[in-house]
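Asks: Take this structure, written in structure tokens, and hold onto it; I'll ask about it next.
The values are calculated or read from the model by the stated rules, or taken from the named source; none is laboratory data. None of the values given here were measured: they were computed from a predicted structure. No Cβ is skipped: glycine too gets one built from the backbone with ideal geometry, and neighbour counts run over all protein chains shown.
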Amino acid sequence: MHSSSFRDPSGYVFIEEGKVKRIINPIYFKQYFALKNSGFFDKLFKNKLLITHKELSITDKEIVIQPEQISFITYPYEWSFNQYKEAALLTLKLQKYSLEHGFSLKDASSFNITFYKGQAIFIDTLSFDFYVDNSPWRAYKQFVNHFFGPLLLAHYHGAQSLKMMSNFIDGIPTKMIASMLPFKTKLSPFLYSNVHLLSRFVDKYNEDKKEDTRRTTLSKKGQLNIIKTLYNYIKKLSLKEQSEWGNYYNKTNYTDKTFKLKSNITNSWINKLKIKTLIDLGGNDGTFVRLINSDLNHALVCDIDNNAVDYNYRTTKENKEHYMTPFVLDILNPSPSIGFNNTERFSFLKRIQQFTPDATLALALIHHISLSGNVTFEMSAKFFASFSKHLIIEFPQRGDSWVEHLLNSKAEFKEHFNFYNQESFENAYTLFFDIIEKQIINDSKRVMYLLKVKDVK
């Protein structure tokens, strides 16, 4: 059984011969066959709302299915604001469609969704149950904790609020959400009833009195109205914050000529190595990956800046660049393993090691890691070598305006960073990599390296 799959008695996920598969237990047979035979699944597959699957075997003890394989899963705390909105709207869309066809989502966890081929997609096949007449949506509170609440916090306090989900695998507690929202939200009838009143209700009734909430009645029409109102409200939510790096390429110290040269060098190496999968760490809005002129099967592009990732995601959708997966990541504090026994959700490092990219791009990144994060060259080299077959890395030398800015910010500790030079960089990185090629970017203080990880003996 997969370590994240113990919570649902309906079935579980397991890995066999490198493939993700799912066991469906007899307790869920009735629902599964109804969903299958009614055409419900097929409609969701056709509209790319639910991950497709094929049946491998059916017995009276279990059904085995194999979903379409997704090579890299991103988690809610790695999504940009608009990605998070899309995931929330998808959940509401699925609940609406379910109700209209006699079903209902039994849970509304944000971990039921990931991003695949340029859009949000639902990946938990067993989340659908039969609708019971006049019953409220049993996953409503979970939707508030996993989606509505986090988006409201991001709206009022910034996209960094979404990272709180890494501390709350069961969703941000309703009482915490209510306490963090501005007082004026209590004056909104919609927010008062869906957050503040819900918080008071949860506070009043402890877990032992859940049965009381289940006796509450709500017509299907009433539930559909709530879903429609939530959908429209979330769709209009926006951020109120500016971005440090969102317009990065408008304020770099590159000329058009050096920018093009950097792109050409990257392209020549990627073509020479016949790269099909890669990750661009610190990829900003995806510009350099977008300039790659060879066919890529899958490109992960991450950045610390929400607005840059949002822009990249919007561009991938407009251009139908289904090979690219943008997500938010702080390279100095990558996503940890969380959940029971720290194995329900895997760390970024474990997932990228499983993804095993053909190449890693680290362009205009090492000076930030070394001078902002105080990470030694040996430490960063060891990090990159843990998952990179090939590393294309740009080294800004002393004298580069960004390097000088970062060094000057160290004030009286500036001399401590005398290690920051090309010789020290090469000495540290050749402990883990072989230098295949290096090339100076003309009219700049930057050098490009193509490195290959050393064979483990």
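Asks: Cβ-Cβ distance below 7 Å, separation of 6 or more or different chains: which pairs start in segment 117-143 with a residue that is part of a helix (DSSP H, G or I) and end on one that is hydroxyl-bearing (S, T, Y)?
Replies: Going by the 7 Å Cβ cut-off, the qualifying pairs are L126/S10; L126/Y28; K141/T174; Q142/S109; F143/T91.
Asks: Let me ask something additional. Pull up segment 51-73, narrow it to residues that are under 15 Å from G11 (Cβ atoms) and in contact (Cβ under 8 Å) with a residue 60 or more places away in the chain, then point me to the one that is surrounded by the fewest Cβ atoms within 10 Å (Cβ to Cβ).
Replies: H53
Asks: Might you let me know whether segment 302-316 holds any residue that is touching a residue at least 40 places away in the same chain (Cβ under 8 Å), in the same structural domain as D434 (by TED's automatic domain parsing), over 22 Å from M448 (Cα atoms) and surrounded by fewer than 20 Cβ atoms within 10 Å (Cβ to Cβ)?
Replies: The answer is yes, given that some residue of segment 302-316 is touching a residue at least 40 places away in the same chain (Cβ under 8 Å), in the same structural domain as D434 (by TED's automatic domain parsing), over 22 Å from M448 (Cα atoms) and surrounded by fewer than 20 Cβ atoms within 10 Å (Cβ to Cβ).
Asks: Hey, could you check segment 434-457 for residues that are among the charged types (D, E, K, R) and surrounded by 12 or more Cβ atoms within 10 Å (Cβ to Cβ) and say which is farthest from L391 (Cα to Cα)?
Replies: Once the filter is applied, the top-ranked residue is K445.
Asks: In segment 419-433, which residues are buried (at least 17 other Cβ atoms within 10 Å of the Cβ) and among the aliphatic types (A, V, I, L, M)?
Replies: Listed by number, the list holds a single entry, A428.
Asks: Moving on. Scan segment 144-171 for residues that are closer than 29 Å to Y28 by Cα and either part of a loop (DSSP other than H, G, I, E, B) or not assigned by TED's automatic domain parsing to the domain that holds Y231 (or both) and jot them down.
Replies: Across segment 144-171, the qualifying residues are F168, I169, D170, G171.
Asks: Which of the strands (runs of 3 or more DSSP E) found entirely inside segment 286-404 contain at least 1 residues meeting this: within 27 Å of N264 (Cβ to Cβ) and within 19 Å of the chain's Cα centre (by Cα)?
Replies: Where strands (runs of 3 or more DSSP E) fall fully within segment 286-404 and carry at least 1 residues being within 27 Å of N264 (Cβ to Cβ) and within 19 Å of the chain's Cα centre (by Cα), they are 298-303, 324-328, 359-362.
Asks: Taking the condition of being touching an Asp or Glu at 6+ places or on another chain (Cβ under 8 Å) and closer than 14 Å to D443 by Cβ, how many residues in segment 256-284 meet it?
Replies: Qualifying residue count, segment 256-284: 3.
For every residue, the table says whether it meets (1) in contact with a strand residue (DSSP E or B) (Cβ under 9 Å, 6 or more places away or on another chain); (2) not hydroxyl-bearing (S, T, Y).
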{"residue": "K257", "(1), (2)": "no, yes"}
{"residue": "K272", "(1), (2)": "yes, yes"}
{"residue": "V289", "(1), (2)": "yes, yes"}
{"residue": "V301", "(1), (2)": "yes, yes"}
{"residue": "Y313", "(1), (2)": "yes, no"}
{"residue": "K317", "(1), (2)": "yes, yes"}
{"residue": "I369", "(1), (2)": "yes, yes"}
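Asks: Could you please give the count of residues in segment 88-100 that are touching a His at 6+ places or on another chain (Cβ under 9 Å) and among the aliphatic types (A, V, I, L, M)?
Replies: Of the residues in that region, 1 qualify.
Asks: K445 is checked against (1) charged (D, E, K, R); (2) closer than 29 Å to R351 by Cα; (3) at pLDDT 90 or above and fails just one. What number does that condition carry?
Replies: Only one criterion in (1) charged (D, E, K, R); (2) closer than 29 Å to R351 by Cα; (3) at pLDDT 90 or above is unmet by K445, namely (2).
Asks: Name the residues in segment 331-354 that are exposed (fewer than 15 other Cβ atoms within 10 Å of the Cβ) and within 20 Å of A154 (Cβ to Cβ), would you?
Replies: Result: N333, single match.
Asks: Taking S98, is it within 17 Å of Y75 (Cα to Cα) and buried (at least 22 other Cβ atoms within 10 Å of the Cβ)?
Replies: Considered against the rule, which asks whether it is within 17 Å of Y75 (Cα to Cα) and buried (at least 22 other Cβ atoms within 10 Å of the Cβ), S98 comes out as no.
Asks: For the structure I just gave you, tell me whether K410 is among the basic types (K, R), closer than 17 Å to I369 by Cα, surrounded by fewer than 17 Cβ atoms within 10 Å (Cβ to Cβ) and assigned by TED's automatic domain parsing to the domain that holds I369.
Replies: So K410 fits the description; yes.
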